[in-house]
Amino acid sequence: MTLLLQPKILEYTTEDTSSRTWLAVSNSLKKEYGEETFKSWISKLDFVSCANGHLDFTVPTRFIRDWIATHYEKRLLKLWRQHDINIKKINITVEPKKNPNTDIVKSSERASIGTPVSNEPNAAEHANTSITNLDRRFTFENFVVGKPNELAYAAAKAVADAGVVQAGSNPLFLYGGVGLGKTHLMHAIAWHINKNNPKRRVAYLSAEKYMYQFVKALRNKDIMSFKEQFRSVDVLMVDDVQFICGKDSTQEEFFHTFNELIDNNRQIVISCDRSPSDLEDMEERIRSRLGWGLVADVHSTTYELRIGILQSKLDQMNISIPKNVVEFLAAKISSNVRELEGALNKVIAHSNLIGREVTLEVTKEILRDLLRSNERAVTIEDIQKKVSERFNVKVSDMSSSRRLRSVSRPRQVAMYLSKSLTQRSFSEIGKKFGGKDHTTVMHAVKKVEELMSIDIEFGEDIRLLKRILEC
Ligand code: ADP
Ligand code: MG
């Protein structure tokens, strides 16, 4: 009897302790990886049990499981073992979440959506426009994957491949600086679905176009058909959603469409130049709703990725240029892929025109102006963005007056870097940081220099940031 009872009691306590351990571990993970990553991935783990040296979790989709397994599982295990050394293994199983509001659309319903019906002029017209709007070159095959964009690529591919909508990836929110491949990925999703699953209706449009159509519909008192065209799609993609920030009625309308589509289990893909939490002019409830699904950032390119992209473009054009020219371009044009492509095209076009072979000398000559502007490209905004990423704080905190050390220190670092990497004066820098006084900036610079001289690790960190920003 006692033997039977004891394990029961033990089991109870273990469960209790392991739930507490999970709370502690997930808190540490949140601190390490930041809110955004935590929300997208780690928070999707449902802790089930801890027994026989195994931890069991469930997640809603296979994609989330694979991503967590390759990126966070090792760290999770290590942290857990600090609490309980007996844990040897983590099992993550996929258990799709059943949500009564987002039930899978029945295939009969889907088919009727997929087939344009003659009395639905808007839907048919819309579907056509969306495909002709797409750039032929923007496919997954032509997208070069590297560390900075692997998450965005994998997420976009998963959305394109999925026959049914994956609750954990809806909406898919892609964000990152200009020219880094967000539009390319959205078009790639559309091409992929168009080819492999032509019955699924895909609509792609820019937020500006969305707004324009909305305003036009308002003027023509035709809101019903405006709404109808979006209701009839399976996948809605809205590019550069930052454009509807601050536009109250469009924002509101967008939110309605958005909710309706999500409730009907349609996939939404959004791109933006900043993260949901940095969308300051967007209403709080909309902002938080946008971040519910999968938030994937596209980081600035690395040198390796730029080399890969140039090589791939050359292969596509069936052209070869000397290796030192490719390396030169990848090293010098680091702002974004659009500029990199532009520079490559310019070099090729010019040398064709003047009938000269592409050499390093010719390249330097052709790109003289562009290179000059790239050299002074680092701006205070770039610095604020990089520093916020590095320290996991919001870009908006750079201009806030929050005194919390975890926020004020990164702000001081950004001020210091602004002073050393730009020509701006102390008071100009202060203005860019939410109108701070020049003495605050001077103090920040002194403080960071002091810390760099006494804390080796901190100093290394800052020097690395500086190098990244300079290249
Ligand atoms: P964004 O929408 O983020 O501003 P785009 O998607 O318009 O950027 O990309 C700008 C250009 O760079 C496009 O011509 C695109 O094909 C190219 N590009 C961006 N990232 C990649 C990549 N990883 N591989 C190949 N081409 C890329
Ligand atoms: Mg774009």
Item to check | Options Leu340, Leu294; residue that is closer than 20 Å to Leu174 by Cβ and within 16 Å of ligand 2 (Cβ to nearest atom) | outcome: Leu340
Next on the checklist: Here is a check on your reading of the model: is Asn128 exposed (fewer than 15 other Cβ atoms within 10 Å of the Cβ) and at pLDDT 90 or above?
Outcome noted: no
Item to check | Scope segment 64-95; condition assigned to a helix (DSSP H, G or I) and either aromatic (Phe, Trp, Tyr) or outside the structural domain of Lys39 (by TED's automatic domain parsing) (or both); matching residues | outcome: Trp67, Trp80
Checklist outcome for this item: Filtering helices (runs of 4 or more DSSP H) wholly in segment 129-225 for at least 1 residues that are under 16 Å from the mean Cα position of the chain (by Cα) and away from ligand 2 (no atom under 16 Å from the Cβ) gives 150-161
Checklist outcome for this item: Filtering segment 417-457 down to residues that are surrounded by 13 or more Cβ atoms within 10 Å (Cβ to Cβ), farther than 26 Å from Ser335 by Cβ and modelled with pLDDT under 90 yields Phe426, Ser427
Next on the checklist: Condition first: surrounded by fewer than 20 Cβ atoms within 10 Å (Cβ to Cβ), touching a residue at least 60 places away in the same chain (Cβ under 8 Å) and either among the polar types (S, T, N, Q) or under 24 Å from Thr301 (Cα atoms) (or both). Can you find one or more residues in segment 202-222 that meet it?
Outcome noted: no
Next on the checklist: Step by step: first the residues of segment 236-256, then only those that are over 22 Å from the mean Cα position of the chain (by Cα) and of a type in the set (S, T, N, Q), then the one that is nearest to Gly293 (Cα to Cα). Which residue is that?
Outcome noted: Thr250
Next on the checklist: For segment 164-187, check the following and say yes or no: at least one residue is at pLDDT 85 or above, in contact with a Phe, Trp or Tyr (Cβ under 8 Å, 6 or more places away or on another chain) and among the β-branched types (Val, Ile, Thr).
Outcome noted: yes
Item to check | In segment 364-420, the residues that are free of Cβ contacts under 8 Å to residues at least 12 places away in the same chain, among the hydroxyl-bearing types (Ser, Thr, Tyr) and either in contact with a Lys or Arg (Cβ under 9 Å, 6 or more places away or on another chain) or under 19 Å from Glu36 (Cβ atoms) (or both) | outcome: Ser408
Checklist entry - With Ala343, Ala296, Ala349, Ala331 as the choices, which residue is among the hydrophobic types (A, V, I, L, M, F, W, C) and free of Cβ contacts under 8 Å to residues at least 12 places away in the same chain? => result Ala349
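The values are calculated or read from the model by the stated rules, or taken from the named source; none is laboratory data. Because the structure is a prediction, the values reported are computed rather than measured. Every residue, glycine among them, receives a Cβ derived from its backbone with ideal geometry; neighbour counts consider all protein chains shown.
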